[in-house]
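The values are calculated or read from the model by the stated rules, or taken from the named source; none is laboratory data. Being a predicted model, the structure only gives us computed values, none of them experimental. Heads up, the Cβs are rebuilt from the backbone with ideal geometry, glycines too, and the neighbour counts pull from every protein chain shown.
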Amino acid sequence: MSLHSVSQGESILSLSRRYGVPVDKILNHADNRELRQRRRMQGILFPGDQLTIPEIESREENCATDRRHTFCCTNQSAFLRVRFMRKDDPRSGEPYVLRSGSRTIRGSLDRDGWLEARIPVDAEQATVFLGEGPRQEKYEFRVGHLDPISESRGIQQRLNNLGFACGEESDEIGEAASEAIRMFQRKHGMTATGELDDATRNRLREVYGS
C-alpha cells in the first residue's frame, strides 16, 4: 500500500489509472473511511487529501493451453456534465462540438441545456464549441479542478461559474464571496444573510448539479 497526497486536478479516476487499482478498491479501502465520510461527492477530491492506495491484486484465469484466448480490458472514462444557460433559460437543443484529448463528440444540448458526455479519464481540459456559424461560442473547462462543496474554494468556484462574482478564490469566505452568497440567496427566495448555512449549501449543490 502507499499513501497519496492529492494535487489539484487529480480525481479518483485519474488515480485509479495511474496506480492500476480499481476505483471501488480505493474508495472502499478501510483506511479511506474517514475521507469517504467527509467527502459526500466521492469523485471530487481536495488538494492535500490523503488517500491510501492498495496494492494491485493479481488474478488468475483457467484456460485451455491449446486454444487462443482474448482478454478485454475495460477502459475507464470520466463524465463531463455542463449546463448552458442564457440568462435564466436553458439553451435547449443547441448543437455542440466537444473536444477533449483525442476525442471529438458532436451532439445537441438536451431540453434543460445539459451537455453530458464521456471523455478520456486522463483528460485535463475540455473545449466546447456551442452553436454554428460566425456566432459560434467557445468554452474551455479544466477537468478535475472543481473542489468539494464542503470547502470554501468549492463554494466560490460554483458561485463564480453561476455568475455570482466572488473575485479571486481563497480559503476564506471574504466580503466579495459573502455578497455573492447574498445575491444567490435573494435569487432563490432565501433570507439574504450572506452566511453559508446548510440550507444555502444544499441549494447551491442542487442548482449547480454537484
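Here is how the numbers come out for the structure above:
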quantity: Selection count where residues are exposed (fewer than 15 other Cβ atoms within 10 Å of the Cβ) and out of contact with any helix residue (DSSP H, G or I) (no Cβ under 8 Å at 6 or more places or on another chain), scope region 146-172; calculated: 2
quantity: Residue tally, condition without any contact (Cβ under 8 Å) to a residue 24 or more places away in the chain and under 28 Å from residue 86 (Cβ atoms), over region 182-198; calculated: 10
quantity: Helices (runs of 4 or more DSSP H) contained in region 123-210 and holding at least 3 residues touching an Asp or Glu at 6+ places or on another chain (Cβ under 9 Å) and modelled with pLDDT of 90 or more; calculated: 152-161, 175-187
quantity: Region 110-122, residues that are basic (Lys, Arg) and not in a loop (DSSP other than H, G, I, E, B); calculated: 118
quantity: Tally, over region 19-43, of residues that are modelled with pLDDT of 75 or more and either under 18 Å from the mean Cα position of the chain (by Cα) or aliphatic (A, V, I, L, M) (or both); calculated: 8
quantity: Where a residue in region 151-174 is at positive phi and its partner, wherever it lies, is surrounded by 19 or more Cβ atoms within 10 Å (Cβ to Cβ) and modelled with pLDDT of 85 or more, with Cβ under 8 Å and at least six apart; calculated: 167/177
quantity: Residue in region 60-74 that is modelled with pLDDT of 80 or more, of a type outside the set (A, V, I, L, M, F, W, C) and within 16 Å of the chain's Cα centre (by Cα) present; calculated: no
quantity: Residue 107 vs. criteria assigned to a strand (DSSP E or B) and either surrounded by fewer than 16 Cβ atoms within 10 Å (Cβ to Cβ) or of a type in the set (Phe, Trp, Tyr) (or both); calculated: yes
